[in-house]
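Peer 1: Handing you this structure, nothing more for now.
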Amino acid sequence: MKKSIALIALSVVALSQVQAADAPPSRRPLTADDFYNLQVVSDPQVAPDGKWVAYVVSGNDRDADESRSTNWMASGDGTQQVQLTNPGHDINSPRWSRDGRYLSYLNTPAGTDKSQVMLFDRRGGEARALTNVTDDIQGYEWSPDSKRIVLVMEPGTPKSAPAAGAGSPESAQPNGPASNATSAPTPDTTKQTPDPGKAAAPPPAAAAGSKTDTPPRPIVIDSLHFKEDKDGYLATGHNRHLYLLDVDTQAVQPLTNSPALNEDLPAWSPDSRRIAFVQSHEKGMDADGMTDIEVIDVPPTAAPGATAGPAPASGAQSAGTPQATRPARQFPPIPPSYRQSPTAGPSALNPQLPTPPAPAPSPTAPSAPASTPATPPAPTPATPPASTPPAPPAPAPALSTHPTKLLRTYAPNQQKLTWSPDGATLAFLQGVEPKYGQYGQDRLAITKVSAGATAQVLTDSLDRAISSYVFNKDSTTITATIYDDTTSYPITLNTRTHAIKRLSQGLAVVSELNAAAGHIAALSSNDTSATEVYALEGDRLRKITKHTDAFVAQLKIGTVRDLQFKSADGTSIHGLVVEPPNFEPGRKYPTLLYIHGGPNLQDEHSFAYDGYQFKRQLLAASGFVVLGVNYRGSSGKGDAFSRAIMADWGHKEVEDLMAGVDAVVQEGMADPARLGIGGWSYGGMLTDYTIGSNTRFAAAVSGAGTANPLALYAADQYYIQYNKELGDPWRNPDLYIKLAYPLLHADRIRTPTLFMGGDKDFNVPIVGGEQMYLALRTLGVPAQLIVYPGQYHTLTRPSFLKDRLERMAAWYRHYLISSAP
């Protein structure tokens, strides 16, 4: 009997162990430390055969206290994820050569501060630097014949280097004209520990006994648009121009070089003979809110039937030298050594890069240095050492072609030019007249590619903004994504009939379309899933990558629900409510109104790590109900809704925000005695406007905001908005005074407020927060100012991201929980 009892007991124990193993693991709320666990997926690029998708995975390195990015690729069927590079600080812009032979990307080699185009050969081998330029590469695109790359570059100001022996030297080249784009820094034998995410390159050497610091120079400015966040002051002579890079010879030629113009966003025609691009006198749009779309003919690289050979060891230019006809290129599939499980293998933050096979020899492939060994072998006379990039070819003369203007159009929020596959038309995005510029919804248009062409807008009937688009194979169908009232989803439209079909994906956000060989990749996320790469197949999304699955699976995140209500004047407003992870119905919670920026953005159903809903989830994890409101001025509800606040800031938006607070209070979930408010950028401005118009909030956080537009006139980057929307201050002083009511009537404010911002912000300079901080401290209202050194409008240093969240949560807890009556 005792034995039977023992057996029963053992059976019960065994059964309980099985049940415990089968039970789902316990989940936890988000914390500020999770900023070091994030993996952000971006920039999907479909391979020319449609079988692979390259993309970037970014994360935060705790020890380095900086973001790190990695190139990955995934098979189209989603069975394989392959890490291609070790993490680096500035790895970005993966692009396939159109013949499928190469995958390129931008990265900054160790010891320099200039990005270069790096190149992977799909047959195997290490990445190598294809360019060696001293100007700043802003972007690049492969020609369809895969022989050339168009570069967008502008002369840059190199960082000052420390004295010899004081640390890792950096490039210290003086500013120069566009023709110095191919000059190389002087090699040096200084030993450095290579960053595994950067290509090996030697630092420039300083002459013995000389100073290595570059003395500062005056910044000469002649343009209206003379400053930009991150770029700083936009100096005269630093215009962006287009250059042609020959892939075989590595020769670089200026394609455009007018000192009075800027060229950007190049797009190759399908036959590789023309490039369309955007041109303006200012960096960005001109003072009238418009830009030109131009087309330039591109001369062939060699005579028909001939091709340029590899650059000789001396680096002399050889473009145009007749060679034997290049054999047809045939490329095997990805080598087996690159294949890994989609759920196992290296992570983006702790990589284990597989050893690739040796590249197959090819007489037509560009000469690639081997990976740098611990002790470099002695180079042969004709080949530079592995750690030293080959000297670039001598600068080639400028091409003699001249661009042709297609049309002049209002600049959109985000421009993109795309040729139809048959080369007959060019698609682009169109903005609105400048007085509505901050509320504009980008429209999709096409034009014939001929002088004096007119635009044919395809999406007027939608009354919604286009966020991305691609041509389908037949040249008459375009797939695009649109913003629509807390969601973003694909549509298809016919360029001839303008017929539109919506491919709604429910409560989700779909973005960044990219296509090749009839396959479309996109990014997507929803309330419970972070951003990943998906295949768009008809009206269905199929998940390809799984970088964030394991992290999200361990989290207990708050439920997100929609909230519909009426504003003071009867306007229908849409909001989103994030409940705390352990929400209990019937209980009143301290509630935060966290306001999105823009204003022409929207709160949406997305757990994207760089989105507003993720920030609300972080705050909800501290025990708050968090409300987001798509106030008037937001995108996603049409032109009239967005333009309703034009030159009338802090009025209708505040009414909409307060109506949302009333709605959650009436529902019984929000405690009216424990209300907080906050936001960043325009969300910070609306925080100032709201606490300046009522005293319902017990705590506020105003990040990168302002309460005095007159103080920011010419101090920020929005010169067109001031001149076109608000008008000249000397002509409309009353309007500027009206919009400054939070500062000019700061004696009405009773809300303890935390002000925050970056000291290098040219988007909304921190002076706006400084003024409000001083006003409240003078009035005896509790206030604190947090300045993040070296940061721009968007904080990027991981420790600062963590610090900001912890300070916000502590401020709200102190005034809404600890000090609550």
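The values are calculated or read from the model by the stated rules, or taken from the named source; none is laboratory data. Quantities reported herein were computed from a predicted structural model and do not represent experimental measurements. Please note: Cβ atoms are built from the backbone with ideal geometry, for glycine as well, and neighbour counts cover all protein chains shown. Keep in mind that these areas ignore ligands, DNA and RNA; they rest on the heavy atoms of the full protein, side chains included. Shrake-Rupley method; radii C 1.70, N 1.55, O 1.52, S 1.80 Å.
Residue by residue, here is whether (1) part of a strand (DSSP E or B); (2) in contact (Cβ under 8 Å) with a residue 40 or more places away in the chain; (3) surrounded by 24 or more Cβ atoms within 10 Å (Cβ to Cβ) holds:
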| position | (1), (2), (3) |
| --- | --- |
| ALA550 | no, yes, no |
| ARG561 | yes, no, no |
| ALA568 | no, yes, no |
| HIS574 | yes, yes, no |
| PRO581 | no, yes, no |
| GLY586 | no, yes, no |
| PHE607 | no, yes, no |
| GLN613 | no, yes, yes |
| GLY623 | no, yes, no |
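Peer 1: I've got another one for you. Tell me which residues, restricted to region 121-147, are open to solvent by 20 Å² or more (accessible area, probe 1.4 Å), more than 27 Å from ARG217 (Cβ to Cβ) and not acidic (Asp, Glu).
Peer 2: ARG122, ARG123, ALA127, ALA129, PRO144, LYS147
Peer 1: Looking at (1) among the polar types (S, T, N, Q); (2) open to solvent by less than 10 Å² (accessible area, probe 1.4 Å); (3) assigned to a loop (DSSP other than H, G, I, E, B), which is the one condition that is false for ASN600?
Peer 2: Result: ASN600 passes all but (2).
Peer 1: Go through region 231-249 residue by residue and tally those that are over 27 Å from ASP716 (Cβ atoms) and in contact with a Gly (Cβ under 8 Å, 6 or more places away or on another chain).
Peer 2: The total comes to 2.
Peer 1: Also, I was wondering about something else. Looking only at region 517-529, which residues are closer than 17 Å to ALA480 by Cβ and either of a type in the set (A, V, I, L, M) or surrounded by 24 or more Cβ atoms within 10 Å (Cβ to Cβ) (or both)?
Peer 2: Of everything in region 517-529, those that are closer than 17 Å to ALA480 by Cβ and either of a type in the set (A, V, I, L, M) or surrounded by 24 or more Cβ atoms within 10 Å (Cβ to Cβ) (or both) turn out to be ILE520, ALA521, ALA522, LEU523, SER524.
Peer 1: While we're on this one: Of all residues in region 519-548 being in a loop (DSSP other than H, G, I, E, B), touching a strand residue (DSSP E or B) at 6+ places or on another chain (Cβ under 9 Å) and of a type outside the set (S, T, N, Q), which is modelled with the lowest pLDDT?
Peer 2: If we filter region 519-548 for residues that are in a loop (DSSP other than H, G, I, E, B), which is where we start, we get 527-531, 538-539, 544-548.
With touching a strand residue (DSSP E or B) at 6+ places or on another chain (Cβ under 9 Å) added as a condition, the list becomes 527-531, 539, 544-548.
Restricting the remaining residues to those that are of a type outside the set (S, T, N, Q) gives 527, 530, 539, 544, 546-547.
On the way: ASP527: 95, ALA530: 96, ASP539: 89, ILE544: 97, LYS546: 96, HIS547: 96.
Of everything passing the filter in region 519-548, ASP539 is modelled with the lowest pLDDT.
Peer 1: Is it the case that ASP43 is modelled with pLDDT of 90 or more and acidic (Asp, Glu)? Before the answer, list the steps.
Peer 2: Working: modelled with pLDDT of 90 or more: yes; acidic (Asp, Glu): yes.
Spelling it out, ASP43 is indeed modelled with pLDDT of 90 or more and acidic (Asp, Glu).
Peer 1: Return the residues of region 104-139 that are in contact with a Phe, Trp or Tyr (Cβ under 6 Å, 6 or more places away or on another chain) and among the polar types (S, T, N, Q); say none if nothing qualifies.
Peer 2: Within region 104-139, none qualify.
Peer 1: Also, quick follow-up: Taking region 237-275, which residues are in contact with a helix residue (DSSP H, G or I) (Cβ under 7 Å, 6 or more places away or on another chain) and outside any strand (DSSP E or B)? Give the derivation first.
Peer 2: In the first step, residues of region 237-275 are kept if they are in contact with a helix residue (DSSP H, G or I) (Cβ under 7 Å, 6 or more places away or on another chain); the result is 241, 243, 252, 254, 257.
Correct list: ASN257 only.
Peer 1: Counting just the residues of region 778-800 that are closer than 18 Å to LEU743 by Cβ and outside any loop (DSSP other than H, G, I, E, B), which one comes out most open to solvent (accessible area, probe 1.4 Å)?
Peer 2: THR778
Peer 1: Right, next: Can you name every residue in region 743-753 that is open to solvent by less than 20 Å² (accessible area, probe 1.4 Å) and farther than 14 Å from ALA707 by Cα?
Peer 2: Step one: of region 743-753, the residues open to solvent by less than 20 Å² (accessible area, probe 1.4 Å) are 746, 749, 751-753.
Matches in region 743-753: THR751, PRO752.
Peer 1: Answer yes or no as to whether ALA707 is of a type in the set (A, V, I, L, M, F, W, C), more than 28 Å from GLY623 (Cβ to Cβ), more than 26 Å from the chain's Cα centre (by Cα) and in a helix (DSSP H, G or I). Please lay out each step first, then the result.
Peer 2: Details: of a type in the set (A, V, I, L, M, F, W, C): yes; more than 28 Å from GLY623 (Cβ to Cβ): yes; more than 26 Å from the chain's Cα centre (by Cα): yes; in a helix (DSSP H, G or I): no.
Spelling it out, it is not the case that ALA707 is of a type in the set (A, V, I, L, M, F, W, C), more than 28 Å from GLY623 (Cβ to Cβ), more than 26 Å from the chain's Cα centre (by Cα) and in a helix (DSSP H, G or I).
Peer 1: Further, regarding this structure: Can TRP680 be described as open to solvent by 10 Å² or more (accessible area, probe 1.4 Å), touching a strand residue (DSSP E or B) at 6+ places or on another chain (Cβ under 8 Å) and in contact (Cβ under 8 Å) with a residue 24 or more places away in the chain? Spell out how you get there, then give the answer.
Peer 2: Values: open to solvent by 10 Å² or more (accessible area, probe 1.4 Å): yes; touching a strand residue (DSSP E or B) at 6+ places or on another chain (Cβ under 8 Å): yes; in contact (Cβ under 8 Å) with a residue 24 or more places away in the chain: yes.
Yes, satisfied.
Peer 1: Also, quick follow-up: Which condition breaks for TYR609 when tested against (1) modelled with pLDDT under 95; (2) over 26 Å from the mean Cα position of the chain (by Cα)?
Peer 2: (2)
Residue-wise test of (1) of a type in the set (S, T, N, Q); (2) open to solvent by less than 20 Å² (accessible area, probe 1.4 Å); (3) touching a strand residue (DSSP E or B) at 6+ places or on another chain (Cβ under 7 Å).
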site	(1), (2), (3)
GLN666	yes, no, no
GLY692	no, yes, no
THR706	yes, yes, no
ASN723	yes, no, no
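Peer 1: Residue by residue through region 576-606, note down the ones that are under 17 Å from GLY660 (Cβ atoms) and touching a Pro at 6+ places or on another chain (Cβ under 8 Å).
Peer 2: Listed by number, the list holds a single entry, TYR589.
Peer 1: A further question on this structure: Out of curiosity, is ASP761 free of Cβ contacts under 8 Å to residues at least 12 places away in the same chain, closer than 23 Å to HIS225 by Cα and open to solvent by less than 70 Å² (accessible area, probe 1.4 Å)? Lay out the reasoning, then the answer.
Peer 2: Working: free of Cβ contacts under 8 Å to residues at least 12 places away in the same chain: no; closer than 23 Å to HIS225 by Cα: yes; open to solvent by less than 70 Å² (accessible area, probe 1.4 Å): yes.
It is false that ASP761 is free of Cβ contacts under 8 Å to residues at least 12 places away in the same chain, closer than 23 Å to HIS225 by Cα and open to solvent by less than 70 Å² (accessible area, probe 1.4 Å).
Peer 1: Tell me, which residue of region 258-290 that is among the charged types (D, E, K, R) and open to solvent by 50 Å² or more (accessible area, probe 1.4 Å) is nearest to ASP422 (Cα to Cα)? Write out each step before concluding.
Peer 2: Within region 258-290, the first condition is being among the charged types (D, E, K, R), and the residues that meet it are 263-264, 271, 273-274, 282-283, 286, 288.
Those still in the list that are open to solvent by 50 Å² or more (accessible area, probe 1.4 Å) too: 271, 273-274, 288.
Working: ASP271: 9, ARG273: 13, ARG274: 13, ASP288: 33 Å.
Checked region 258-290; the qualifying residue nearest to ASP422 (Cα to Cα) is ASP271.
Peer 1: When you go through (1) open to solvent by less than 10 Å² (accessible area, probe 1.4 Å); (2) over 30 Å from SER58 (Cα atoms); (3) part of a strand (DSSP E or B) one by one for GLY768, which number turns out not to apply?
Peer 2: (3)
Peer 1: Only residues that are more than 22 Å from the chain's Cα centre (by Cα) and without any contact (Cβ under 8 Å) to a residue 60 or more places away in the chain: list them for region 509-548, please.
Peer 2: Scanning region 509-548 gives GLU537, GLY538, ASP539, ARG540, LEU541.
Peer 1: Can you name every residue in region 30-76 that is touching a His at 6+ places or on another chain (Cβ under 7 Å) and open to solvent by less than 30 Å² (accessible area, probe 1.4 Å)?
Peer 2: Within region 30-76, VAL41, VAL46, GLY50, VAL57, GLY76 qualify.
Peer 1: Further question on the same structure: I'm told THR591 meets every condition in (1) among the hydroxyl-bearing types (Ser, Thr, Tyr); (2) touching a strand residue (DSSP E or B) at 6+ places or on another chain (Cβ under 8 Å); (3) assigned to a loop (DSSP other than H, G, I, E, B) except one. Can you identify the failing condition by its number?
Peer 2: The failed condition is (3).
Peer 1: Filter region 79-115 down to residues that are open to solvent by less than 10 Å² (accessible area, probe 1.4 Å) and at positive phi, then give me how many there are.
Peer 2: So the answer is 1.
Peer 1: If THR497 satisfies every condition in (1) closer than 17 Å to GLU604 by Cα; (2) surrounded by fewer than 16 Cβ atoms within 10 Å (Cβ to Cβ) but one, which is the exception?
Peer 2: (1)
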